[in-house]
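Heads up, the thing below is written out as structure tokens.
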Amino acid sequence: MAQLVVSSWIPRSYTHIYEIGGKLGNLEIPVGDVSVGARLNFKVTLEGGLKIDCCMNPFGLFTFSTEIPESEISESKVFEFKNNVMHLLIEDIFGKIQRVTYQQIKDGILPVAFHAVVFSETFRPASLQAIKSDNIDVYVDKQKLYNSGSNLYVTGRKTEGLKAVTDYFSYLILTSSYVNQMVEVMSRIYGDIVEVEDDLGVKEFDLIRDVMVSTAQIRKDCSERYGKILQAVSNFKHARDFFSGEKFGKNQVALANVLEVGLGFERLERDSEYLLPLWSDILIKNLDNLEFMISARFELQESLETRKEEREMKLLQAIFLVGVIASILTLGAMPGAQIELFHPDGSVAATGSIVSFKVQDLVSFGVSAILFSITLFIIFNFLYMKFSGFMSARKSGKKA
């Protein structure tokens, strides 16, 4: 019988071994042979009778293995088993036991990949060239060391010692894939930041508010991702310590050399040294600068809007006062105006002048009208300032 082993990885520690081990009873699938210690081991049976041996080690490598007849080994069979494992790990285990991790996976904060190793006594993939390692042949595409979709084939007699080595190789494939994805995510977010910076000079006032909201979400996502990156880099060091402390036999050392596991850990360390500054010194700091630019642009726009409103208010006040004074002057111009009355035949019947009120009445009316206008102006201006203050406070509250 051949053995299919599919692995996945996320940053974990000893506490997660005991957490998951203690909650396996929450799964809605049959679980048996649970063993909790330095590692977590258990067995599950999926719908259709597929039996899977599951293992989780202290640095977050999950391995899922099953046996199939040698004659059934194929790319499609490996792909099918990967899909079964994906659903088992994400939906059945994380979905029922670790809801925070489950949501981070769904939100794309924590990418999860899967890598397959096929142990067989006879199968030899035609698309790959064999690499000799003592009494076994190894088939691997070393051009795809950052691609979890490339499978590893080990042809020969399988031992647990050899599986221990291939587990480290799978770990390196999965973690290298993770680093590569985080570099790509960083590039994408950085591009979004540049686009927002370019738009700040032309965006409308209301759209600036939308930019502030979307930038806050980017900040939240980046903070979560950066936290996971820090956990991952620490995890890489722990895994390397485990590997350095292994007491491998001759066959294991030969396989580790063929798969370049030691070199893989060195490569992972160098990639980590490149990844961390990308996020901390470039992406996070550019986000800080972007938020400052948005805040400054928003405050400037608020100031311009306020000044515009004040100018419009003063114009209305001036029109109001001019209208009142013009009315008074018009009334004052009417006394003394000439009037003529005519007969039907067109001859003048009488002449006279208009007396609307006396001069002292005009002065008294004019003064009263002006005082009344000033009073209305003060009341109107007071109410306007109160309303403006209320609206400013409301905008500040939304901004906060």
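Note on segment 2-301: semi-axes of the ellipsoid equivalent to its C-alpha gyration tensor, largest first and rounded to whole Å, are 40, 22, 18. Between A2 and I68, E70, the built amide H atoms are under 5 Å apart, and every one of these is 5 or more places off in sequence or on another chain. Sorting 106-112, 83-89 by their mean Cβ neighbour count within 10 Å, with the most densely packed peptide first, gives 83-89, 106-112.
Residues whose amide H lies under 5 Å from that of I10, counting only those 5 or more places away or on a different chain, are F62; hydrogens are built 1.01 Å from N in the peptide plane.
Residue separation of Q181 and I29 scaled by 0.36 nm, minus their Cα-Cα distance, works out to 51.5 nm of gained length. Remark: for residue pairs K77/K237; K82/K158; K142/K250; K132/K237; K106/K158, the C-alpha separation exceeds 28 Å in K77/K237; K132/K237; K106/K158. A protection proxy built from the mean count of other Cβ atoms within 10 Å ranks the segments 31-44, 60-73, 5-18, most packed first, as 5-18, 60-73, 31-44.
Residues with beta-carbon under 9 Å from that of A130, excluding A130: net charge, scoring Lys, Arg +1 and Asp, Glu -1?
Summing Lys and Arg as +1 and Asp and Glu as -1 gives +1.
Bear in mind that the values in this text are calculations on the coordinates, not laboratory data. Model, not experiment: these values are computed from the prediction. As a convention, Cβ positions derive from the backbone with ideal geometry for all residues, glycine included, and neighbour counts pool all protein chains shown.
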